[in-house]
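Report on the structure given below.
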């Protein structure tokens with residue numbers, strides 16, 4: 001049903017009516033352990049090297065769904081617009097987007113969507129669990145501020161708030 005497009009590191013399908021009922025961990029399972037580790041490092045998530053690939057894919061998928069902001073930070077404004085379209089479209093629906101001339105979207109490179117190629121554009125399918133999680137992150141009133149920060153900066157600010165909040169109570 002799914003296949004990796006040769007040399008391009010993205011998932012494609014031959015079925016235009018694929019739907020969105022598949023788990024994110026199954027998409028991430030198409031990557032190698034090395035690719036999973038690199039992705040975890042990029043989105044600032046610890047992933048044990050000693051685990052089997054399937055277990056790493058499940059843990060990474062759970063971490064992405066639990067804290068989608070780390071992943072959304074990697075996306076451009078154009079791709080955030082695509083995510084908004086996917087969220088608005090709802091379940092079991094693919095979203096049609098224009099092909100980029102020389103490269104792929106990060107959503108495709110990170111295996112967060114499955115793509116159907118009809119020649120002129122892509123039809124993107126995102127797993128329901130990820131679509132719901134991204135939707136909640138995009139609805140956050142502080143999304144624009146949090147999106148502009150790195151995960152490291154957010155942790156530092158959280159620590160400072162905790163330190164000063166604890167100091168005021170003493």
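Quick look at the values:
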quantity: Test: residue in region 31-53 that is outside any loop (DSSP other than H, G, I, E, B) and within 16 Å of residue 128 (Cα to Cα); calculated: no
quantity: Flag for residue 88 being crowded, with 17+ Cβ neighbours inside 10 Å, modelled with pLDDT of 90 or more and under 30 Å from residue 142 (Cα atoms); calculated: no
quantity: Residue within region 22-29 that is touching a strand residue (DSSP E or B) at 6+ places or on another chain (Cβ under 9 Å), within 22 Å of residue 132 (Cβ to Cβ) and part of a loop (DSSP other than H, G, I, E, B) present; calculated: yes
quantity: Test: residue in region 128-139 that is assigned by TED's automatic domain parsing to the domain that holds residue 17, over 15 Å from residue 69 (Cα atoms) and either modelled with pLDDT of 90 or more or out of contact with any strand residue (DSSP E or B) (no Cβ under 9 Å at 6 or more places or on another chain) (or both); calculated: yes
quantity: Residue in region 15-43 that is modelled with the lowest pLDDT, counting only those that are crowded, with 17+ Cβ neighbours inside 10 Å and closer than 19 Å to residue 69 by Cβ; calculated: 43
quantity: Residue that is assigned by TED's automatic domain parsing to the domain that holds residue 131 and under 16 Å from the mean Cα position of the chain (by Cα), where the choices are 72, 93; calculated: 72
quantity: Scan of region 31-51 for residues that are touching a residue at least 12 places away in the same chain (Cβ under 8 Å), under 21 Å from residue 11 (Cα atoms) and under 16 Å from the mean Cα position of the chain (by Cα), ordered by number; calculated: 31, 35, 36, 37, 39, 40, 42, 43
quantity: For residue 143: the one exception among (1) modelled with pLDDT under 80; (2) under 12 Å from the mean Cα position of the chain (by Cα); calculated: (2)
quantity: Residue in region 113-124 that is at pLDDT 90 or above, in the same structural domain as residue 9 (by TED's automatic domain parsing), within 22 Å of residue 23 (Cα to Cα) and touching a helix residue (DSSP H, G or I) at 6+ places or on another chain (Cβ under 6 Å) present; calculated: yes
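The values are calculated or read from the model by the stated rules, or taken from the named source; none is laboratory data. Being a predicted model, the structure only gives us computed values, none of them experimental. Ideal geometry is used to build each Cβ from the backbone, glycine not excepted, and the neighbour counts take in all protein chains shown.
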